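One structure is given below, encoded as structure tokens.
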Amino acid sequence: MHHMTLAEIARGLTDKKFSSVELTQTLLARIAQLDPQINSFISLTQDLALSQAKAADERRANGESGALLGAPIAHKDLFCTQGIRTSCGSKMLDNFKAPYDATVVAKLAAAGAVTLGKTNMDEFAMGSANESSWYGAVKNPWNLEHVPGGSSGGSAAAVAARLLPAATATDTGGSIRQPAAFTNLTGLKPTYGRVSRWGMIAYASSLDQGGPLARTAEDCAILLQGMAGFDPNDSTSIDEPVPDYSAGLSGSLQGLRIGVPKEYFSAGLDPRIAELIHNSIKELEKLGAVIKEISLPNMQHAIPAYYVIAPAEASSNLSRFDGVRFGYRCENPENLEDLYKRSRGEGFGSEVQRRIMVGAYALSAGYYDAYYLKAQKIRRLVKNDFMSAFNEVDIILGPTTPNPAWKLGAKSSDPVAAYLEDVYTITANLAGLPGLSMPAGFVDGLPVGVQLLAPYFQEGRLLNVAHQYQLNTDWHTRTPTGF
């Protein structure tokens, strides 16, 4: 049963080949057996999962149906879950049990999804390797000596290892798409505002967006259907109709205009990945797509702009963790200043502290105009580049990452080298655009992803292209040895 996709699970439950309780028990046993190798979970919720599975079986017995009714998933550990630890991968929140469910959690629970647990992640979603978690690094099921990508590496590793069919994740600068590429999954970052951020603990509020991680575009369509929609509790949520994503998967790609930015194929891209991307382009051409070279001239400025804006917002968002109201508190503080300093110094890891300091510096009175304001102007230029490109093409295609997954610890002493791995993904967050990564092949036994970008609220177009590609390729069906 662990090899089934969400779509196959839905059909199996409908045909009564197995029950949700049976499936849930099988996957919980598999997690207990295999997860110690990869460390993809922070918390398991066995009792909740079994009660939700039992309820889903009863709902089906009473005539209800639905693609997610009885389907097992897990949540990245920054989605608040009532009465369950929500840690953000940090010592700061190790003792925090959320008093409410995030909108995404509530919507998926209402659809009948079964929550198996909370997945490991880079601390406060800050990282590209899932090595900054207070609960230890997550390992890539394709090679346990390599990173799974971050910050949603726990969700990605769990799905790739067939511990469950799909999981929620978040993407601030590529944290859904990059782990998807590193672990041979399909991952979708929706348009900013498409999925509610209420109850999703913030890293950078103008960039964060929740989305699905699964093995196929079809499964991503199913999970996104349950996650998307307007939420009055979230001031950044956009009241835009949610289409039937699954119904849109069968569209023809005949005449689809695909733009390939010349800036994507620079000296920084591994030539073996470039070859796989060109192979993907040829596959899409066979399906009727038309390829056109385009330019995104301000892409070169995206990384410095992002690493001013994101830390600036992080320094503001993380100011609430002060040792006073909730979360970690140091022992025996001498006074209020000592309480603040030691609680934050002991509760936050080095990567989080680094970004808080960078952000506070960029927002300081003497440097706001020179750094933060200039970064926001670059952000507008990046968006304008995309708007111009989408006047000529329907989607944009390129590599998800410049290199395959690196070895654990290889970039720990050089954070800038890790930041540069986000060069292709960051621009979609700066512009608020939807982006998808899908499997495109392997380099030295490690998966490689191809990225697709589309205009605002065109997630369905991305899923359609990825699904048609996956009907004609088998990269997404490959399974890591031992799992």
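The values are calculated or read from the model by the stated rules, or taken from the named source; none is laboratory data. Note that the structure is a prediction, hence the values are computed from the model and not measured. Cβ placement follows ideal geometry from the backbone for every residue including glycine, while neighbour counts extend to all protein chains displayed. Ligands, DNA and RNA are excluded from the accessible area calculation, which covers all protein heavy atoms including side chains. Shrake-Rupley method; radii C 1.70, N 1.55, O 1.52, S 1.80 Å.
Quick notes on this structure:
- Failed item in (1) surrounded by fewer than 14 Cβ atoms within 10 Å (Cβ to Cβ); (2) free of Cβ contacts under 8 Å to residues at least 60 places away in the same chain; (3) at negative phi; (4) not aromatic (F, W, Y), with N332 passing the rest: (3)
- For T14, the test of being more than 26 Å from the chain's Cα centre (by Cα) and at pLDDT 95 or above is passed.
- Residue ID - nearest to R461 (Cα to Cα), chosen from residues in the range 383-408 that are open to solvent by 10 Å² or more (accessible area, probe 1.4 Å) and part of a helix (DSSP H, G or I): M387
- Only one of the numbered conditions (1) open to solvent by less than 10 Å² (accessible area, probe 1.4 Å); (2) over 23 Å from I176 (Cβ atoms); (3) not charged (D, E, K, R) is not met by S40, and that is (2).
- Residue in the range 409-416 that is assigned to a helix (DSSP H, G or I) and either out of contact with any Ser or Thr (no Cβ under 6 Å at 6 or more places or on another chain) or surrounded by fewer than 19 Cβ atoms within 10 Å (Cβ to Cβ) (or both) present: yes
- The residues of the range 200-220 that are open to solvent by less than 10 Å² (accessible area, probe 1.4 Å) and out of contact with any Phe, Trp or Tyr (no Cβ under 6 Å at 6 or more places or on another chain), listed by number, are A204, L207, D208, G210, G211, P212, L213, A214, A217, D219, C220.
- The range 18-37, residues that are open to solvent by 60 Å² or more (accessible area, probe 1.4 Å) and either within 9 Å of L163 (Cβ to Cβ) or in contact with a strand residue (DSSP E or B) (Cβ under 9 Å, 6 or more places away or on another chain) (or both): A32
- Of residues in the range 221-266 being over 23 Å from Q468 (Cβ atoms) and among the acidic types (D, E), the one most open to solvent (accessible area, probe 1.4 Å): D239
- Condition met for A49 (among the hydrophobic types (A, V, I, L, M, F, W, C), open to solvent by 40 Å² or more (accessible area, probe 1.4 Å) and under 15 Å from I9 (Cβ atoms)): no
- The set of residues in the range 198-236 being more than 14 Å from the chain's Cα centre (by Cα), closer than 16 Å to L164 by Cα and part of a loop (DSSP other than H, G, I, E, B) consists of T216 alone.
- Taking first residues from the range 295-310 that are free of Cβ contacts under 8 Å to residues at least 40 places away in the same chain and on the phi > 0 side of the Ramachandran plot and partners that are of a type in the set (S, T, Y) and open to solvent by 10 Å² or more (accessible area, probe 1.4 Å), no Cβ contact under 9 Å between residues at least 6 apart in sequence or on separate chains turns up.
- Test: A125 is closer than 21 Å to T183 by Cβ and aliphatic (A, V, I, L, M): yes
- Within the range 119-137, the set of residues being outside any helix (DSSP H, G or I), touching a Gly at 6+ places or on another chain (Cβ under 6 Å) and open to solvent by less than 30 Å² (accessible area, probe 1.4 Å) comprises T119, N120, M121, D122, G127, S128, A129, N130, S133.
- Subset tally (residues that are farther than 22 Å from L269 by Cβ, in a helix (DSSP H, G or I), open to solvent by 10 Å² or more (accessible area, probe 1.4 Å) and touching a residue at least 40 places away in the same chain (Cβ under 8 Å)) for the range 436-475: 6
- One residue from P179, P99, P148 being open to solvent by 10 Å² or more (accessible area, probe 1.4 Å) and either under 22 Å from P402 (Cα atoms) or not in a helix (DSSP H, G or I) (or both): P99
- On inspection, R257 qualifies as touching a residue at least 24 places away in the same chain (Cβ under 8 Å), touching an Asp or Glu at 6+ places or on another chain (Cβ under 6 Å) and either farther than 30 Å from S65 by Cβ or among the acidic types (D, E) (or both).
- Residue in the range 239-257 that is touching a Leu at 6+ places or on another chain (Cβ under 6 Å) and either of a type in the set (D, E, K, R) or within 20 Å of G441 (Cβ to Cβ) (or both) present: yes
- All positions within the range 347-366 that are touching an Asp or Glu at 6+ places or on another chain (Cβ under 8 Å) and either open to solvent by 70 Å² or more (accessible area, probe 1.4 Å) or not charged (D, E, K, R) (or both): F348, G349, V352, G359
- The numbered conditions (1) more than 24 Å from L185 (Cβ to Cβ); (2) at pLDDT 95 or above are all true for I395 except (1).
- Filter result for Y245 (in contact (Cβ under 8 Å) with a residue 60 or more places away in the chain and out of contact with any helix residue (DSSP H, G or I) (no Cβ under 7 Å at 6 or more places or on another chain)): no
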